[in-house]
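Chemist: Structure provided below as structure tokens; questions to follow.
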């Protein structure tokens with residue numbers, strides 16, 4: 001089941017529909033002056049971002065393997081890695097932190113900060129290589145909206161969120177560093193190569 005969902009990023013076919021559903025629910029239940037709107041808005045935005053990255057089979061995975069890590073004998077980013085990174089770090093984590101935001105708005109800050117940093121990786125990479133990368137268009141839109149969300153959630157929330165901003169910034173940077181190492185790692189290359197061939201035959 002997981003292999004079928006992971007192969008050619010089949011899981012990403014659900015992202016535009018999930019984005020529309022979550023955007024509709026959020027916009028129908030939270031007004032412009034409600035900090036929860038800004039705490040949760042990156043959930044649908046991230047689904048749309050994933051759609052741009054992965055809806056086309058290969059997409060972001062092929063870009064990383066061919067442009068960023070083109071000299072590797074065995075490409076480090078495969079369908080299984082892409083699947084678990086996006087399901088655990090985005091779907092599961094965002095829904096968890098989104099739920100916790102109803103208890104403490106600071107968890108909404110975490111979603112915003114994580115989104116800003118992820119968007120910056122796309123934007124900086126595009127400027128560095130002077131080319132499009134899968135996810136760039138939505139990342140540019142999401143980055144702008146996330147900055148606005150950051151301002152609004154700080155302005156509308158009761159209490160001082162400075163500690164949350166600092167803590168979430170450090171946490172998000174560490175997660176992205178670990179994620180980068182995971183994406184680029186080439187340990188057990190021979191084994192990974194064999195497994196990738198086996199999955200391709202299924």
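Chemist: Helix-only estimate, please: 222 nm mean residue ellipticity of the chain, summing -39500 (n - 2.57) across DSSP H runs of length 4 or more and dividing by its residues, to the nearest 500. Write down the numbers at each step before the final one.
Modeler: On the way: 11 runs with 141 residues, N = 202.
It lands at -22000 deg cm²/dmol.
Chemist: For residue 163 and residue 84, calculate 0.36 nm times their separation in residues minus their Cα-Cα distance, and state this gained length in nm to one decimal. Display every interim value, and only then the final one.
Modeler: On the way: separation 79, 0.36 × 79 = 28.44 nm, distance 3.00 nm.
Extra length available between residue 163 and residue 84 comes to 25.4 nm.
Chemist: From largest to smallest, what semi-axes in whole angstrom does region 16-67 give when each is the square root of 5 times an eigenvalue of its alpha carbon gyration tensor? Intermediate results must be reported in sequence, preceding the final value.
Modeler: Numbers: eigenvalues 176, 25, 4 Å².
Values for region 16-67, descending: 30, 11, 5 Å.
Chemist: Ranking request for peptides 105-116, 125-136: highest mean number of other beta-carbon atoms within 10 Å first, then the rest in descending order. Please report the intermediate quantities before stating the final value.
Modeler: On the way: 105-116: 23.9, 125-136: 14.9.
Descending mean neighbour count gives 105-116, 125-136.
Chemist: How would you rank 10-17, 36-43, 151-158, highest first, on the average number of other Cβ atoms within 10 Å across their residues? Numbers along the way, then the final one.
Modeler: Working: 10-17: 17.2, 36-43: 25.1, 151-158: 15.6.
Top of the packing list down: 36-43, 10-17, 151-158.
Chemist: Another question about this same structure. Given the Cα-Cα distance of residue 155 and residue 67 and 0.36 nm per residue of separation, how much length would full extension add, in nm?
Modeler: On the way: separation 88, 0.36 × 88 = 31.68 nm, distance 4.09 nm.
Net length gain for the segment: 27.6 nm.
Chemist: Once both axes come from the Cα atoms, what is the angle between helix 42-54 and the longest principal axis of the chain, in degrees from 0 to 90, rounded to 10?
Modeler: The two axes meet at around 20 degrees.
Chemist: Further question on the same structure: Quick one: helix 106-129 against the long Cα principal axis of the chain, what's the angle to the nearest 10°, folded into 0 to 90?
Modeler: Around 50 degrees separate the two axes.
Chemist: Length gain on complete extension for the stretch residue 14 to residue 178, per 0.36 nm per residue less the alpha carbon to alpha carbon distance?
Modeler: Working: separation 164, 0.36 × 164 = 59.04 nm, distance 2.66 nm.
Full extension from residue 14 to residue 178 adds 56.4 nm.
Every read-out reported here was derived from the displayed coordinates using simple, explicitly stated rules and does not represent laboratory data. Model, not experiment: these values are computed from the prediction. With ideal geometry, Cβ positions are generated from the backbone for all residues, glycine too; neighbour counts draw on all protein chains shown.
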